[in-house]
Amino acid sequence: MSNAQLLWHGYRYFPYERMLAEREAAAFFGRVTEAEDDFITVPLKGKNESSLSRLTYFKVAQASDANIVPDQTKLEASAGTNGSMWFPVKQPIPELKRQSTRYSAHGLHEYRGKFNPQVVRAIGNIFGLKPGSWVLDPFCGSGTTLLESAHIGWNCVGFDINPLGVLIANAKVAAFKADPNDLQQESEQIIGRIQGQACDGRDWKRYLPNIEYLQSWFPKAVLVQIRQITEAIDAISCESHRNIYKVILSDICRDVSLQDPKDLRIRRRKEPKDTYPALELFVESIRSKIATIRRAREFVSPSDNTKQIAIESDCRVAGDTVHKILGEGRRRTFDAAITSPPYATALPYMDTQRLSLAVLGLMEASEIRRREKDLIGNREITDAERRLMEAELVENTKELPDSAHRFCVELLDLADHSSHGFRRKNVPSLVYAYLGEMATMFETVRSQVKRGGKYALLVGRNTTTLQKKEITIQTPTLLAEVAESRGWTLEEMLSFDAYHRYDVHRSNSITAEELVVLKR
């Protein structure tokens, strides 16, 4: 029996990445026969050779006097920060400077709460998913799981209640699957229209949604530029392609607004300007992002026989939606589910993205706060709602397991203090409501995953302060207990060092996470 040597990249790995890499190799090849500082050795059978291209964390596989570069390495090498100068003819094996997370269409739009795309691929491989397998993401956000499914050849259905997240997710998949030459031609057409028309500001108000709200958050000169951009985008005939460019526009909205770009909350700039270069930023962004997508397509092509789609729907009641979208002839169960779920008392997603929702007309500005309350983990409740929720907590009407219920009761006792404002008083009810809503989600997802199928959730802990004491909300453990109470079996929990962020959300990111693996 021949062996293959799997070589590590030269950059620093987090411990969890090495762990996932070795487990992925074991899932493909049965066992790891030898582990060295620079490589690991695995037994290679003829039927396993195609698996070498599907590995996630290795630079190259050396087998039978041949070097096989995994698709993941190719994708990361295609990112501008790593391999824009990588030419396989001259340099058969890429030398990555660092791990990339914005390769292909992953960098189309920043989005709070995204998880590392490499984790999705590795988890799916460890679960034994094959090209053509079906994956469910109940909280798809901006589509990390969907796009990775398109890269590797899995079918994937994602749900999210946020219309912006759904738009971004579908746009990412569309961008990766589009003909690269069409994208190049369309993007240059848009840029040509923008640069070729005068910015005189006439009639711009008639063509922008939510105009009163937008005028309170953007200088007039910027709104005129946004109108120029949307007019150029609207000339593209293909709707899925129009959405790609709308998403790129959305990604610059915060930078050209009166909102402080570095603050997730609703806070204005301390020193606002009369205008910001929206046209220049959009042109620069469209060129760099389309170029990144085109480079990825040079090395990895999408499967024509798989489907990836994000649906604007609440995953708690989405069972029938799957059947309607996929049709009666499609399979009705998924091989696995992979997600990064919301947290209890998380920052408000829709408020964070309200400028994009308003600019793109995805929601009436007056509806944003109300729709925010539909999200799992929402923290906006009235005093009357809190009192009702506290009564439910005491009676445990949501039938949470004893350990989770006891924790919520402990929070309720601590929150009952004269020094606390409404935010701290709300914590017990919000945590209880969150766990109850996640319980319903677990029931729904269980009905959609095949017997023996697995569900991976990457989630971190929360903290809160009550009576001047910092309380850790052990979200992964609590969710595992709730899932077991709804018929799932906890297979394992793995500690992850969180992938550190280098964007506007870095200060709000979680520093430690757990991978909760459940079995149907």
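The values are calculated or read from the model by the stated rules, or taken from the named source; none is laboratory data. Remember, it's a predicted structure, so these values are computed and weren't measured experimentally. Backbone-built Cβ (ideal geometry, glycine too); neighbour counts: all protein chains shown.
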Which of the residues spanning region 258-295 are closer than 22 Å to residue 172 by Cα, surrounded by fewer than 16 Cβ atoms within 10 Å (Cβ to Cβ) and of a type in the set (Lys, Arg)?
287
Looking at region 16-35, is at least one residue within 27 Å of the chain's Cα centre (by Cα) and among the basic types (Lys, Arg)?
yes
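Would region 216-223 turn up any residue that is among the polar types (S, T, N, Q), at pLDDT 95 or above and surrounded by 21 or more Cβ atoms within 10 Å (Cβ to Cβ)? Step through it out loud before you land on a result.
Of region 216-223, the ones among the polar types (S, T, N, Q) are 216.
Now restrict to residues that are at pLDDT 95 or above: 216.
Right, trim to surrounded by 21 or more Cβ atoms within 10 Å (Cβ to Cβ) and you get none.
No, every residue in region 216-223 fails to be among the polar types (S, T, N, Q), at pLDDT 95 or above and surrounded by 21 or more Cβ atoms within 10 Å (Cβ to Cβ).
Let's see how each residue does on (1) more than 19 Å from the chain's Cα centre (by Cα); (2) farther than 30 Å from residue 123 by Cα:
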residue	(1), (2)
344	no, no
353	no, no
368	yes, yes
371	yes, yes
377	no, no
380	yes, yes
388	yes, yes
400	yes, no
409	yes, yes
Hey, does region 184-203 have a residue that's more than 15 Å from the chain's Cα centre (by Cα), surrounded by fewer than 16 Cβ atoms within 10 Å (Cβ to Cβ) and within 26 Å of residue 370 (Cβ to Cβ)?
no
Can you tell me which residue within region 31-48, out of those that are loosely packed, with under 15 Cβ neighbours inside 10 Å and part of a helix (DSSP H, G or I), is modelled with the lowest pLDDT?
47
Among the residues of region 49-70, count how many are part of a loop (DSSP other than H, G, I, E, B) and under 31 Å from the mean Cα position of the chain (by Cα).
5
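Restricting the search to region 256-290, which residues are charged (D, E, K, R) and more than 21 Å from the chain's Cα centre (by Cα)?
Scanning region 256-290 gives 260, 267, 268, 269, 270, 271, 273, 274, 280, 284, 287.
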If I filter region 387-408 for residues that are outside any helix (DSSP H, G or I) and over 22 Å from residue 479 (Cα atoms), do I get at least one hit?
no
Of those in region 49-58 that are free of Cβ contacts under 8 Å to residues at least 60 places away in the same chain and surrounded by fewer than 22 Cβ atoms within 10 Å (Cβ to Cβ), the residue nearest to residue 74 (Cα to Cα) is 53
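For region 406-422, give me the residue count where each residue is in contact (Cβ under 8 Å) with a residue 24 or more places away in the chain and either surrounded by 11 or more Cβ atoms within 10 Å (Cβ to Cβ) or within 19 Å of residue 462 (Cβ to Cβ) (or both). Steps first, answer last, please.
Filtering region 406-422 for residues in contact (Cβ under 8 Å) with a residue 24 or more places away in the chain gives 407-408, 411, 414-415, 417, 419-420, 422.
Those still in the list that are either surrounded by 11 or more Cβ atoms within 10 Å (Cβ to Cβ) or within 19 Å of residue 462 (Cβ to Cβ) (or both) too: 407-408, 411, 414-415, 417, 420, 422.
Qualifying residue count, region 406-422: 8.
Residue check: is residue 158 in contact with a strand residue (DSSP E or B) (Cβ under 9 Å, 6 or more places away or on another chain), surrounded by fewer than 24 Cβ atoms within 10 Å (Cβ to Cβ) and closer than 22 Å to residue 305 by Cα?
Criteria not met by residue 158.
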The residue that is nearest to the chain's Cα centre (by Cα), considering only those in region 82-106 that are modelled with pLDDT under 75 and aromatic (Phe, Trp, Tyr), is 86
Out of everything in region 308-338 that is under 19 Å from residue 169 (Cβ atoms) and among the hydroxyl-bearing types (Ser, Thr, Tyr), what residue ends up being modelled with the lowest pLDDT?
321
For residue 79, work out the one condition from (1) among the hydrophobic types (A, V, I, L, M, F, W, C); (2) at pLDDT below 90; (3) within 24 Å of residue 130 (Cα to Cα) it doesn't fulfil.
(3)
Here are 451, 461: which of them is more than 16 Å from residue 343 (Cβ to Cβ) and of a type in the set (D, E, K, R)?
451
